[in-house]
Structures are given as structure tokens and as C-alpha cells.
Amino acid sequence: MQVSTIGIDLAKSVFQVHGIDAVGKVTITKQLRRSQVLPLFAKLPRCLIGMEACSTSHHWARELKALGHDVRLMPASYVKAYVKRNKNDAADAAAICEAVTRPSMRFVPIKSPEQQSILMLHRTRDLLVRQRTQLVNAMRAHLAELGLVAPRGGEGLQALIIVVRDGTDELPDLARKALQALLGQLDALARQISEIERDIQAQHRLSEASRRLETIPGIGIIGATAIAATITDPTIFKSGREFAAWIGLVPRQNSTGGKERLGSISKQGDRYLRRLLIVGATAVIRQARTHPDKHPWLIQLLARRPAKVVAVALANKTARIAWAVLARGGTYRAPVLAARA
């Protein structure tokens, strides 16, 4: 069978395959069950295989690369433009087959199982933290219905926990029983989050790139390990601005006729990294207000723009610095120290 390029539309059980030969003639159009994928590609000669980047694509990319094929992953939004007329599995596979051959197409690096495991720790921790926030909000709301309120923050929460656990008659028995169930879940979540954070810290100590990223203001252990696990090859970005644009920290453009129109940030790319960078930038702004002499650029910007806008601008700057540290080596040096050097 003559085949040079194949597009695969991935699914849970049924896969659509579309293949062409060197002159563009269609040679394969068929559906495969999950168990039929690897036996078929083991028989084919080495070819270029394109797939949309999704949750299972990295696994299949590693399996097909082990068979000797050249596998490339593409963002699904970039493939959409090549779908002709109606959308179905066959049309999607044909669009993937065409898109993978375009010289202007951008590809997603294939992640190793270790990288996916580290990112899985981050996603699990993020889920547990959100669940903890939901439980705290639920407990505060239930107690407020009984006239018991407390200030925001950890101290206020501890005051409410004491009310639930002290065993006095201030709460009805049924209400206390319901709230103690919430407290039990809170305690379990706290232990699970602590265990995951210990694993993340262990990975941070083992990763040289993560330790260098931690030297950047606004990037802690969580952000450093997430960036190091996500961006294994910084050379896929031409510059720090391209890296910041990939995260979605640059203005959205709607320009035409030589007139530039810039809107809010695009919010494209990895939203988890974007959130971590903005949260880290917010912490740096809080320090800048306490020590304005150490952050003159931020203080001048805060005088002209709202704090949230400044946080996004600082997150953009931090992303560019992170790319420079990853691509060029070394650690972060403050502007004064860099000037002296």
C-alpha cells in the first residue's frame, strides 16, 4: 500500500483514518476499532501522521513513534479551517491529513509519561483546592443562616470551626451534624493537598529548569514546576513575546486597513499557566506597594493603570523572562545586578 501522509481523527473507541500517497491521491479511508490501530500501522511503511492535540493524543503519538512513524500533534482550532462543508469523522480525518502537511502549521510537542504525571499532580491539586473553597463557602453560608458570621481569611474560618466543634448548645444538633461532615471533608482535603504539594516539591528539587525558574519574582514552586513540565523545548517559541502570546497574555487584535485595534488579552493557550502567572504578579504588586523603592516600574504603572491591568502586564513580563531563562540558561538577575554585570 502506497501511503505517505495519514490523518487520524481520535475518539474513545472508533478512529477514522485518512491517508494519501506522495502525489496526494487518497489511498486509505476507513474506520478502526481501538484494538485495530496499532496492528494496521505496524504493517505500513514509515509515514507522516497527524493528529489533533487532545487528552489521548500524547499516548497514541508515543505508540506510533515507537513503530517508526513521524507523528505530529496540532491544535484543534488550527485544523478547523481545513474542514470542508459538513463536519463528520471522515471530513475531520481528511482535514487533519491536509493540515499536517502545511508549512505554516504549528505543532504541539509530544509529552512523556513523566511530564504528564507532573501536570496531573498540578491538575489534581487545583481540583482539590477548588473543592476546599466550595466547602468553606458552604459552611460559611450555613452558619450565616443561623446568625453566625466571621471575617474573611483563615482566622475567621478557624473561629467558625471552633463553634462547630466546641459542643455547646449554640447550634442545633442536626446543623452541627451536617457541618461536622463538611469539616471532615475539609480535613481530608487538607491532608491530600499537603501530600500532593510534597510530591511537587520533590519534583522541583529534581528539576534544574524548575529551580532556575523559581528565581524569577512572581514564580514559586508551583508555577516553576508547571512551566518546566509544560514547556520542555523553549526553542519552539521564537521569542518571549511569542511565549506570552501562546499563554494568552497579549492583546487581541482586530486590525484592518493599516489601522491597529487592540482589545483585551486573548486568553488563549494554557489557562492554568496564565492564572499562576497573574496570581504571582498580584503578589509582586503587593510587595511593591510595601517597598516602592525596589519596584519603580510597577509604582509608575500603578499610578496610571488599575491594579488588575498592571497584574496582567507584569504577568506578561514574567512570562517573557521565564522564556529567556529556559532558552538561554542561567537564573534571573534583577535589573540593577544585570546592569552591574
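Readers should treat all values here as calculations from the given coordinates under stated rules, not as data from a laboratory. Since we're looking at a predicted model, the values are computed, not measured. All Cβ positions, even for glycine, are placed from backbone atoms using ideal geometry, and neighbour counts span all protein chains on display.
Taking Lys and Arg as +1 and Asp and Glu as -1, the other residues whose beta-carbon sits under 15 Å from that of ALA181 total +2. Of the Cα atoms belonging to segment 210-293, the radius of gyration and Dmax stand at 15.1, 46 Å.
Judged by the mean number of other Cβ atoms found within 10 Å, the most tightly packed of the peptides 66-78, 196-208, 9-21 leads the ranking 9-21, 66-78, 196-208. Placing unit charges on each Cβ (+1 for Lys and Arg, -1 for Asp and Glu) gives the chain a dipole about its Cα centre, and among ALA178, MET74, ALA202 the Cα reaching farthest toward its positive end belongs to MET74. Overall, segment 106-157 carries a charge dipole of about 240 debye about its Cα centre when +1 sits on the Cβ of Lys and Arg and -1 on the Cβ of Asp and Glu, all other atoms neutral. Kirkwood hydrodynamic radius of segment 113-206, from the reciprocal of the average inverse Cα-Cα distance over all distinct pairs: 14.9 Å.
With a Förster radius of 30 Å applied to the beta-carbon distance between LEU186 and SER117, the computed FRET efficiency rounds to 0.65. Kirkwood radius, segment 132-263, all distinct C-alpha pairs, inverse of mean reciprocal distance: 19.2 Å. Net charge dipole, the chain: roughly 1220 debye, given to the nearest 20, about the Cα centre with Cβ charges of +1 for Lys and Arg and -1 for Asp and Glu.
From least to most packed, judged by other beta carbons within 10 angstrom and beginning with the fewest, CYS97, CYS54 follow the order CYS54, CYS97.
Of interest is the spacing of the C-alpha centroids, which for segment 16-47 and segment 263-319 amounts to 48 Å. With axes computed from alpha carbons, what is the tilt in degrees of helix 173-206 against the longest principal axis of the chain, rounded to the nearest 10 within 0 to 90? Between the helix axis and the principal axis of the chain, the angle is about 60 degrees.
What is segment 38-148's relative contact order, in percent, from Cα pairs under 8 angstrom and six or more apart in sequence? Result for segment 38-148 is 24 percent.
Between the helical axis of 113-145 and the longest alpha-carbon principal axis of the chain there is an angle of about 40 degrees.
For segment 5-99, the relative contact order works out to 33 percent when only alpha carbon pairs closer than 8 Å and six or more residues apart are counted. On the principal axes of its alpha-carbon atoms, the chain has extents of 79, 61, 45 Å, going from largest to smallest.
In the chain, Cα pairs under 8 Å separated by at least six residues give a relative contact order of 11 percent.
Against the chain, whose longest principal axis comes from its Cα atoms, helix 221-230 is set at around 10 degrees.
Taking the Cα centre of segment 5-99 as reference, the dipole from Cβ charges on Lys and Arg (+1) and Asp and Glu (-1) amounts to some 140 debye. Note on ARG165 and SER264: the extension gain reaches 30.9 nm, defined as 0.36 nm multiplied by sequence separation minus the Cα-Cα distance.
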